[in-house]
Amino acid sequence: MTKEDFLKLLPGLVSGYRAAPDVLDRIAKVNLVMIIGPSGVGKTTLIQGSGLPFVPSDTTREPRPGEQEGVDFYFRKDYGQLVKDIKTGRFVQIVVGVAGDLYSTKDTSYPASGVAVMPVLAEVVPIFRSLGFASTTSAFITPPSYEEWMSRMKSHNLDPSQLDKRLKEARRSLEFVVADNQVHFILNDDLDAAVTQLDQLLLGKVDRDRESSARQIAMSLLDKLS
């Protein structure tokens, strides 16, 4: 099976997907931290700086420069096996990314218990909340400003089509998080300060000033994209 064939099948395979009961049993002692945010806000840098156990996803997209197999992602090309894994519920969850690729996580990618962190698309946050984790925390990462965000996006050397897809995904994410009262906002203007804000959040302490500033920036980004 080619990748093209697999990606054509993927939307149908994902529709109504349910993980197998034994897969869900393995995540019942995990406290999941979901890091949300569009390209260019610094999700990966913040996750690395946090030192928290990271959950690598399986994906069918190509590796980006510097990404390592089994560290950043599991880069899958065994498309026939992926179809079998999906049909038998071997993934905790599955989502189709903005470019049409598969992103999913296996139960074995999570620690047996304790805190784990991973980046997620905003649209699947409600799914993760319903899967039976011991707890879930949602944190949306905002850049210091729209101008800084655009500068970071340009450094990714995206073609116009790729940029358009990411901006549309960013708008969907922003629409979700500003309307969801469970999402926290972390301002990534300084990495150390952002990591400290995340650490404090996991201890149940909310930095009201930084959270308010980050939320205001998120609302301004949404206004720019509307």
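Throughout, read-outs are computed from the coordinates displayed, never taken from laboratory work. Just so you know, these numbers come straight off a predicted model, no measurement behind them. Cβ sites come from the backbone with ideal geometry, for glycine too, and all protein chains shown count toward neighbours.
The distance separating the Cα centre of the stretch 1-80 from that of the stretch 113-165 comes to 12 Å. Spacing of the modelled spin labels on residue 22 and residue 113, each 7 Å from Cα toward Cβ, amounts to 2.2 nm.
Can you pull a Stokes-Einstein diffusion coefficient for the chain at 20 °C (1.002 mPa s), Rh from Kirkwood over Cα pairs, as a whole number of µm²/s? Once the numbers are plugged in, D ends up at 118 µm²/s. Build a GNM of the chain with springs between Cα atoms under 10 Å apart, and of 37, 51, 204 the one that fluctuates most is 204.
Checked against a 27 Å cut-off, the cross-linked pairs 165/205; 29/205; 3/106; 84/154; 8/106 give Cα-Cα distances beyond that limit for 165/205; 84/154. Largest GNM mean-square fluctuation across 63, 143, 160, computed for the chain with C-alpha springs under 10 Å, falls on 160.
The alpha carbon radius of gyration of the stretch 116-174, expressed as a multiple of 2.2 N^0.38 Å, is 1.37.
Note on residue 168 and residue 200: the model spin-label points, each 7 Å out from Cα along the C-beta direction, lie 3.9 nm apart. Ellipticity at 222 nm from helices only: DSSP H runs of n ≥ 4 in the chain, each -39500 (n - 2.57), divided by the residue count, give -13000 deg cm²/dmol. Across q = 0.16, 0.18, 0.19 Å⁻¹, the stretch 1-68 modelled as identical point scatterers on its alpha-carbon atoms has Debye log10 I(q)/I(0) values of -0.94, -1.10, -1.16, in the order of the q list.
Between 189, 199, 209, the residue with the greatest mean-square fluctuation in the GNM of the chain (Cα pairs under 10 Å linked by springs) is 209. Computed from Cα positions, the angle between helix 160-179 and the longest principal axis of the chain comes to roughly 70 degrees. In the chain, Cα pairs under 8 Å separated by at least six residues give a relative contact order of 28 percent.
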